[in-house]
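Taking it in order: structure first as structure tokens, then the write-up.
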Amino acid sequence: MIITVVSDVLGKENNGTTIAAMNLIRALKKRGHTVRVLCCDQNRKGQENYYVCPILSLGIFNNYVAKNGVQLAKPDKEVVRSALQGVDAVHIMLPFGLGKSALRMARKMGLPITAGFHTQAENITSHLFLKNEKLSNFIVYKVFYNSFYRYVDAIHYPTEFIHQVFEKYSGHKTNAYVISNGVNLRFQKRPDDFKRPAELNGNYVILSTGRYSDEKCQKVLIRAVKKSRHEKDIQLVLAGAGPLEKKYRHLGQNLTNKPIMRFFDHETMVNVIYSADLYCHPADIEIESIACLEAISGGLVPLISNSHRSAARHFALTPENTFKVNNVHDLANQIDYWIEHPEKKDENRKLYEHFTDQFAFETCMDRMEEMIISTAKKKSHQ
């Protein structure tokens, strides 16, 4: 098949949407399909099967968007038309400007359209300081449905959690395919001969992965480490990048061991996971959290926020694997529990030994391919 993947956000693989899009693109190519990519990544200009639109200018907000490590597309009708002409199916990653433009044109062409659900309402409202306003989030989901998702033939939800949330707030049933974005095979149990970097020896290393933003709640973790009885022995590693980096670095100055804050590529991230003693996921907003699953696959015991707005809470297999959302004291107590009970951590790790098998990357990509193909077949018989 010839399949066009449309993504308003595509560039460096430093955010969940880009990673999910590139994983899908590579997986479809591996399975023998011709994949066209419609995006605004200027570095892709001239590359075969890449159709590149201009970057959308947001004026005074351009720097803010750049701090989030992304760029948004400005639709160009001729580029969109070229990307869709003669294809067998279209998969759209996001319900934004380029995605909507591709949707309108694909519908006129009678093409089968699948779309991913990779953005929670709170991912948008948090930038407006409204993430806890139920009405604002309700409106975002309504807009998503009425302006975009109601017109697609099938929707890919990374988790059952976000599937239920969207259908509840939109008020409509959808043609749903619940498929994880998948955990790459590179994330496996730490080999016995792995040696932790010398500079980390003597410290208890707590890892947290995620964009430096309000909904990821790294500030809660930094403050919890400060309140821990073992604060002087803890080395916090915040793997990521984002608009709140300066704020978190300032907050981290209060710790005995200043947090290690940087973005790690995939290969390096494997070793970072192997070097850690505990993984903490404090986010209160989360569609799936592949980062948490990667850490579990690498052999780490997770400590996860129990936020009802986070799919990651379902990864907690025991009460000790979770803490009260945004509660610094409870998180500090749970950190101390795991530090003071190493034998319990070994037991808990065994519970997670095969937990991530259900999220195996190749199996998930097989299901994504099946969704696109079956949707195209149904469309052709209508």
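The values are calculated or read from the model by the stated rules, or taken from the named source; none is laboratory data. As the structure is a computational prediction, the values presented were derived from the model and not from experiment. No Cβ is skipped: glycine too gets one built from the backbone with ideal geometry, and neighbour counts run over all protein chains shown.
With a cut-off of at least 2 residues that are within 16 Å of the chain's Cα centre (by Cα), name the helices (runs of 4 or more DSSP H) lying wholly within the range 241-309. So that I can check it myself, show each step before the final result.
Details: elements: 245-252, 266-275, 290-297.
Once the helices (runs of 4 or more DSSP H) in the range 241-309 are filtered for at least 2 residues that are within 16 Å of the chain's Cα centre (by Cα), what remains is 266-275, 290-297.
List, please: which pairs have Cβ atoms under 8 Å, are six or more places apart or on different chains, and start with a residue in the range 167-179 that is among the small types (G, A, S) and end with one that is not in a helix (DSSP H, G or I)?
Taking only residues 6 or more apart or on different chains, the pairs are A176/A154; A176/I155; A176/Y157.
Output the strands (runs of 3 or more DSSP E) that fall wholly within the range 149-216 and possess 3 or more residues being modelled with pLDDT of 95 or more and within 21 Å of I25 (Cβ to Cβ), or say none. Before you say what the answer is, go through the steps one by one.
Numbers: elements: 154-157, 176-178, 204-209.
So the answer is 154-157.
Regarding the range 240-248, can at least one residue be identified that is within 15 Å of D336 (Cβ to Cβ) and surrounded by 14 or more Cβ atoms within 10 Å (Cβ to Cβ)?
Just the residues of the range 240-248 that are within 15 Å of D336 (Cβ to Cβ), to begin with: none.
Looking for residues that are within 15 Å of D336 (Cβ to Cβ) and surrounded by 14 or more Cβ atoms within 10 Å (Cβ to Cβ), one finds none in the range 240-248, hence no.
Which residue is nearest to I113 (Cα to Cα), if the candidates are limited to the range 163-206 and must be crowded, with 16+ Cβ neighbours inside 10 Å and aromatic (F, W, Y)?
Y177
Those residues that are out of contact with any helix residue (DSSP H, G or I) (no Cβ under 7 Å at 6 or more places or on another chain) and not charged (D, E, K, R), I need them from the range 335-347; list them, please.
I339, H341, P342
Residue-by-condition table, conditions (1) hydrophobic (A, V, I, L, M, F, W, C); (2) surrounded by 12 or more Cβ atoms within 10 Å (Cβ to Cβ):
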position: L24; (1), (2): yes, yes
position: K29; (1), (2): no, yes
position: V35; (1), (2): yes, yes
position: Q47; (1), (2): no, no
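Scanning for something touching a residue at least 24 places away in the same chain (Cβ under 8 Å) and within 30 Å of M22 (Cβ to Cβ), does the range 314-325 turn up at least one residue?
Checked the range 314-325: at least one residue is touching a residue at least 24 places away in the same chain (Cβ under 8 Å) and within 30 Å of M22 (Cβ to Cβ).
Answer yes or no as to whether K350 is without any contact (Cβ under 8 Å) to a residue 12 or more places away in the chain, under 30 Å from V90 (Cβ atoms) and either outside any loop (DSSP other than H, G, I, E, B) or charged (D, E, K, R) (or both). Give the derivation first.
Values: without any contact (Cβ under 8 Å) to a residue 12 or more places away in the chain: yes; under 30 Å from V90 (Cβ atoms): no; either outside any loop (DSSP other than H, G, I, E, B) or charged (D, E, K, R) (or both): yes.
For K350, the condition - without any contact (Cβ under 8 Å) to a residue 12 or more places away in the chain, under 30 Å from V90 (Cβ atoms) and either outside any loop (DSSP other than H, G, I, E, B) or charged (D, E, K, R) (or both) - is not met.
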